[in-house]
Amino acid sequence: MQVFKTRSGLRTYLSEQRRKQVQVGLVPTMGAIHQGHLSLVEHSKAENEVTVCSIFVNPTQFNDPEDLEKYPRPVESDIEQLNNTSCDALFLPSVKEMYPEKEHWQLDLEGLDILLEGKSRPGHYQGVTQIVKKLLDTVQPDRAYFGQKDYQQFLVISRMVRHFNLPVKLVCCPTVREADGLAMSSRNVHLSSGEREAAVLLSRTLFRIRESTKISPGKAARQGFQTLGQHPLITPEYLEVTDAETLQPVQDWNGAPRIIALAAARVGETRLIDNVFIRGGYYYY
Ligand code: AMP
């Protein structure tokens, strides 16, 4: 695997590759690579001749400086894992490389950036669109791969790609879970053993909503939220059952062609998110 720290280095490599008429897949990450990230690399390798993974802890999407500082950055083991998956190239830029000057543009995300995750993390999705736009401009991939785990992020990026008419296909890949159902996340390393045990309640509660169709979606969501709140180590932030296109709550189980339950909770000090499709599933954009 070749490692590039500059945009120009990566672009030179990619233009050489493109002379061979290859297709390029991009997997953007913030590192602390786990099986969830590696599954995106595998998806990309199955569909493209060249796979580029990027690792960049994007400061503009953090509204909490402590969270940014605490974000794990095990670069050596990340490189090793990506090497073992036969990823072709790793883009590992510095903050200065990606943000030579302050970003000012903002995008109308049609309200997607102010609900659910956006409500708890003001400015987060504007930061996400800024960095993903820069990565897509740099790599100009045929396809870019994202995880369903950050489903709202996938919707926001789809909106951004439509807005700029970017010639890229976005692919939403299923969430990879630990054996007990906890969604894999770089933040899981912060969980103590008691918190790790508690954390499984997040996915368990979301999966239980699939079996709650005798009560309304709103009631199922409220009950799920209460279940989470009853655990001494868990502070739920939201749990909603929504239309998977708009992320607006649905009134009944036939209220939208695709329905998704999404939740965020603090387990101890660690903030975790997860989601489960109740109706329909993930899709290619
Ligand atoms: P992150 O490094 O957390 O920003 O994630 C980078 C990409 O990996 C995003 O598209 C995430 O949605 C995706 N991802 C993170 N965790 C998982 C998981 N458990 N399963 C599948 N994809 C994931």
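The values are calculated or read from the model by the stated rules, or taken from the named source; none is laboratory data. Remember, it's a predicted structure, so these values are computed and weren't measured experimentally. FYI the Cβ positions are ideal-geometry reconstructions off the backbone, even for glycines, and counts take in every protein chain you see.
Could you tell me which residue of segment 8-38 is nearest to Cys173 (Cα to Cα), considering only residues that are buried (at least 18 other Cβ atoms within 10 Å of the Cβ) and more than 16 Å from the ligand (Cβ to nearest atom)? So the residue we want is Val24. Scanning segment 136-151 for residues that are surrounded by 23 or more Cβ atoms within 10 Å (Cβ to Cβ) and either within 14 Å of the ligand (Cβ to nearest atom) or under 27 Å from Leu182 (Cβ atoms) (or both) returns Pro141, Ala144, Tyr145, Phe146, Gly147, Tyr151. Contact map, segment 145-157: first residue closer than 15 Å to Ser44 by Cα, second residue part of a helix (DSSP H, G or I) and more than 6 Å from the ligand (Cβ to nearest atom), Cβ cut-off under 6 Å, separation 6 or more or different chains; pairs are Tyr145/His43; Tyr145/Ser44; Phe146/Phe154.
When segment 227-258 is filtered for residues that are of a type in the set (Phe, Trp, Tyr) and farther than 19 Å from Glu269 by Cα, only Trp253 remains. Within segment 47-66, the set of residues being surrounded by 14 or more Cβ atoms within 10 Å (Cβ to Cβ) and assigned to a helix (DSSP H, G or I) comprises Glu47, Pro59, Thr60, Gln61.
Yes or no: Ser44 part of a helix (DSSP H, G or I), of a type in the set (Ser, Thr, Tyr) and either within 9 Å of the ligand (Cβ to nearest atom) or in contact with a Pro (Cβ under 9 Å, 6 or more places away or on another chain) (or both)?
yes
Could we say that Leu116 is closer than 25 Å to Phe164 by Cβ, touching a strand residue (DSSP E or B) at 6+ places or on another chain (Cβ under 7 Å) and surrounded by 20 or more Cβ atoms within 10 Å (Cβ to Cβ) here? Here the answer is yes, as Leu116 does meet what is asked. For segment 183-193, residues that are buried (at least 20 other Cβ atoms within 10 Å of the Cβ) and either more than 9 Å from the ligand (Cβ to nearest atom) or assigned to a strand (DSSP E or B) (or both) total 2. Please tell me if Pro100 is outside any helix (DSSP H, G or I), surrounded by 14 or more Cβ atoms within 10 Å (Cβ to Cβ) and not aliphatic (A, V, I, L, M). When the stated conditions are applied, Pro100 does not pass them. State the number of residues belonging to segment 71-96 that are part of a helix (DSSP H, G or I) and more than 13 Å from Val3 (Cβ to Cβ). Total meeting the criteria: 5.
Residues in segment 47-82 that are charged (D, E, K, R) and more than 13 Å from the ligand (Cβ to nearest atom): Glu47, Glu49, Asp64, Glu66, Glu69, Lys70, Glu76, Glu80. On the stretch given as segment 228-269, residues that are basic (Lys, Arg) and within 17 Å of Pro217 (Cα to Cα) total 1. Inside segment 249-268, can you point out the residues that are among the basic types (Lys, Arg) and not in a strand (DSSP E or B)? Correct list: Arg258 only.
Filtered by the rule that a residue be surrounded by fewer than 17 Cβ atoms within 10 Å (Cβ to Cβ) and of a type in the set (Ser, Thr, Tyr), segment 67-84 gives a lone residue, Ser77.
On the basis of being touching a strand residue (DSSP E or B) at 6+ places or on another chain (Cβ under 7 Å), at pLDDT 95 or above and of a type in the set (Asp, Glu), does Glu16 make the cut? Here the answer is no, as Glu16 does not meet what is asked.
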